[in-house]
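The next block holds one structure in the form of structure tokens; read it before the comments.
A short reminder: the numbers here are calculations on the coordinates, not readings from a lab. Computed from a predicted model, the values in this text were never measured in an experiment. Cβ atoms come from the backbone with ideal geometry, glycine included; neighbour counts cover every protein chain shown.
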Amino acid sequence: MSIRRLPAELINRIAAGEVVERPASALKELVENSLDAGANQVAVRLHAGGLEQIEVADDGRGMAPDEMRLALERHATSKLPGDAIDRVTSFGFRGEALPSIASVSRLTLESRARGSDGWRIEIDHGQASGEEPAALPPGTRVRVQGLFDKVPARRKFLRSPRAEYAACLDTVKRLAMARSDAGFTLDHDGRRILTLAPAEPPARVAEILTHELERHGIGIDCAREGMRLTGVISLPTFNRGVADRQFLFVNSRPVKDRLLVGALRGAYRDLIARDRHPIAALFLEVPLEEVDVNVHPAKTEVRFRDPSAVRGLIVGGLRHALDEESGRSAAREQAAAPVMWTTGAIYDAALNRHPREGGDPAKQENWVPAFAGMTGVAEDHRLFTQPPAARAEAADEPVPRFPLGVARGQVAATYIVAEAEDGLVIVDQHAAHERLVLERMRSARDGGTVARQALLIPEVVELEEPDCDRLEGAAADLAELGLEAERFGPSSMLVRSVPAALGKTDIAGLLADLAGEIADLGGPLSLRDKLDLVAATIACHGSVRAGRVLSVAEMNALLREMEITPRSGQCNHGRPTWVKLGHGEIEKLFGRR
Ligand code: ADP
Ligand code: MG
């Protein structure tokens with residue numbers, strides 16, 4: 001067997017197999033070239049999903065005729081001035097896209113550098129087929145026709161024009177998000193699909209994902225070890241059956257990297273079912289020496305020097321944002337109608353410029369995620385992955401006139417579902433009970449009759465010395481609430497009694513929380529305010545936890561006590577303890593109104 005050198009044409013075609021799999025990947029290379037050429041405006045025109053024709057026109061710096069000829073040669077690039085391949089900031093650097101595409105299509109390259117005339121070069125499946133002057137505005141226009149027409153092996157793997165079009169649209173969106181400073185238009189079969197004016201990144205992302213993240217987004221901005229992560233992600237309750245709305249960028253380069261996708265998954269772990277996917281546009285900026293972009297012909301994957309640091313930043317940053325939002329969105333719920341349960345974060349301002357068409361808040365699509373939020377963004381995220389766990393009670397007796405209705409069942413051992421005369425009531429049992437305990441303690445204290453429960457055997461609690469100092473300093477206040485604790489050596493406290501309202505309690509945990517609370521308060525709060533907050537901490541320890549199964553009698557007792565207790569509509573952290581869906585709202589949900 002003799003070894004022979006492959007002819008240039010064949011080499012280009014082999015490269016084409018790697019760089020250009022389908023119209024969308026050719027389109028990606030062309031738009032990247034336009035952006036690398038400093039274009040402010042990129043116009044894309046497709047016919048039949050790019051199978052018949054792909055055209056990309058830009059107003060970038062253009063090329064002189066001899067540069068154009070060079071550009072069509074393999075491994076010819078203007079983007080690596082030295083040999084510093086580890087420091088590239090342009091999209092391209094391999095110099096194989098144009099010759100590869102030209103080897104499997106009919107390609108027309110037209111270009112005009114500023115201050116000179118335009119020129120046109122035509123290539124037919126790798127063969128030069130003509131050159132001539134051309135009239136065009138400064139910039140470059142590339143037209144690709146009949147991609148893979150003469151490469152049956154490839155042609156076979158192409159999908160319908162519709163599917164290829166979808167992939168092209170996705171490509172344009174990704175690049176438009178990566179480079180929001182440039183304007184874009186996209187036409188398909190003569191119809192204008194996209195018009196994007198130059199914008200700031202959040203506004204660009206919002207414009208492209210507006211319907212998705214208008215109300216269900218969380219803004220991200222975090223940094224660690226020289227890396228920075230910005231962007232927007234969806235609330236866990238706003239998810240999709242396919243992972244097609246995840247836009248990830250490394251130093252402005254759109255990537256589909258396994259590590260990043262995995263980190264995104266990891267951040268939502270136990271917040272979202274395994275077969276559901278969040279929506280995200282995330283921009284990671286890392287020092288150039290931390291990342292190798294030359295690991296994939298199409299440059300869609302990257303390799304990090306320290307993958308675990310990248311993962312840590314993403315999982316940690318997103319997790320933090322998701323945790324914060326779970327409290328925040330719930331806290332707004334009661335003020336607004338239930339339809340507004342989930343809310344956008346820092347991108348609101350930008351999003352508001354593109355109000356949702358026909359923004360009727362009662363539309364079904366708003367409800368679906370809102371309803372998911374009802375059972376979801378609670379304190380126990382594991383609820384999402386648990387099988388349904390509702391119990392229901394027979395509903396044959398008439399509903400008495402209680403504002404919060406009568407208990408009909410319990411959902412996920414966390415929410416009480418009650419039927420009232422005018423609607424459906426859902427109560428967060430832990431939040432509600434916590435409030436009741438607090439109010440009980442407060443009124444007992446005001447009446448000077450806090451019931452305390454002496455411990456048979458006083459309990460010794462080990463704590464850090466500063467925490468002991470704090471508790472010792474507050475001993476008199478705590479005693480007023482029924483908690484008698486005294487210093488017992490440098491790093492322990494001796495507890496003699498606890499508030500009777502508490503029942504059986506984890507005393508060590510309570511003292512640690514109280515010490516933290518007192519440290520946080522420190523400032524110029526009145527004694528009364530301090531006592532209130534301390535009482536709240538105590539109450540939290542004494543209340544019915546989410547996850548406890550309640551009897552119908554217990555549920556109804558809780559509802560009745562809520563009705564006569566002041567401020568029972570809010571838990572001690574400002575979140576609602578119950579919500580009501582009026583009959584009218586239920587009817588709207590089912591389109592009966
Ligand atoms: P690469 O982008 O990796 O350099 P390409 O084959 O995509 O390789 O392009 C080869 C060269 O052609 C580029 O380096 C650039 O100098 C030139 N070029 C390609 N497209 C354009 C364009 N739209 N405007 C100006 N120059 C371009
Ligand atoms: Mg290129």
query: Between GLY231 and residues 5 or more places away or on another chain, which pairs have amide H atoms under 5 Å apart, with H built 1.01 Å from N, and which residues are they?
result: ILE220, PHE283
statement: Applied in sequence order to the range 201-208, the curve 6.51 cos²θ - 1.76 cosθ + 1.60 (Karplus, θ = phi - 60°) yields integer Hz couplings, x standing for Gly and Pro, of x, x, 5, 5, 4, 4, 5, 7
message: Let me make sure I get this right: for the range 65-158, a, b and c are the square roots of the gyration tensor eigenvalues over alpha carbons, sorted descending. Under 1.5 in a/c it's rounded, otherwise prolate if a/b > b/c, else oblate. Which is it?
response: oblate
task: Provide the gained length on full extension for the span GLU73 to ARG155, in nm with one decimal, where the gain is 0.36 nm per separating residue minus the Cα-Cα distance.
output: 27.1 nm
field: Karplus 3J(HN,Hα) series, Hz, for the range 23-37 with 6.51 cos²θ - 1.76 cosθ + 1.60 (x for Gly, Pro)
entry: x, 4, 6, 5, 4, 4, 4, 5, 5, 4, 4, 4, 5, 4, 7
task: Based on other C-beta atoms within 10 Å, arrange VAL302, VAL411 from fewest to most.
output: VAL411, VAL302
- prompt: Say each of GLU225 and GLU459 gets a label point 7 Å from the Cα, pointing the same way as Cα to Cβ; how far apart are those two points in nm?
  reply: 4.0
message: Going by amide H atoms built from the backbone, whose H comes under 5 Å of the H on GLN246, apart from near neighbours?
response: ALA280
- prompt: What ranking do SER308, SER105 get, fewest neighbouring Cβ atoms within 10 angstrom at the top?
  reply: SER308, SER105
- request: For an R0 of 22 angstrom, estimate the FRET efficiency from the Cβ-Cβ distance between THR505 and ASP477 and round to the nearest 0.05.
  value: 0.75
message: Run the numbers for ARG265 and VAL295: contour at 0.36 nm per residue of separation, minus the present Cα-Cα distance, in nm.
response: 8.5 nm
field: Those residues of the range 115-140 whose amide nitrogen sits under 20 Å from the label point placed on ARG4, 7 Å along Cα→Cβ
entry: 126-127
- request: Starting from the Cα-Cα distance between ILE85 and THR195, subtract it from 0.36 nm times their residue separation and give me the gain in nm to one decimal.
  value: 36.2 nm
- request: Can you list which of the trypsin sites (Lys or Arg not before Pro) found in the range 430-520 are DSSP loop residues with at most 15 other C-beta atoms within 10 Å?
  value: LYS504
query: If each of ARG240 and GLU563 carries a label point 7 Å out from its Cα toward its Cβ, how far apart are those two points in nm?
result: 4.7
- request: Provide the net charge surrounding ARG13, with neighbours chosen by a C-beta distance below 14 Å and charges set as Lys +1, Arg +1, Asp -1, Glu -1.
  value: -2
task: Provide the FRET efficiency to the nearest 0.05 for the ASP513-GLU421 pair, computing r from the beta carbons and using R0 = 45 Å.
output: 0.65
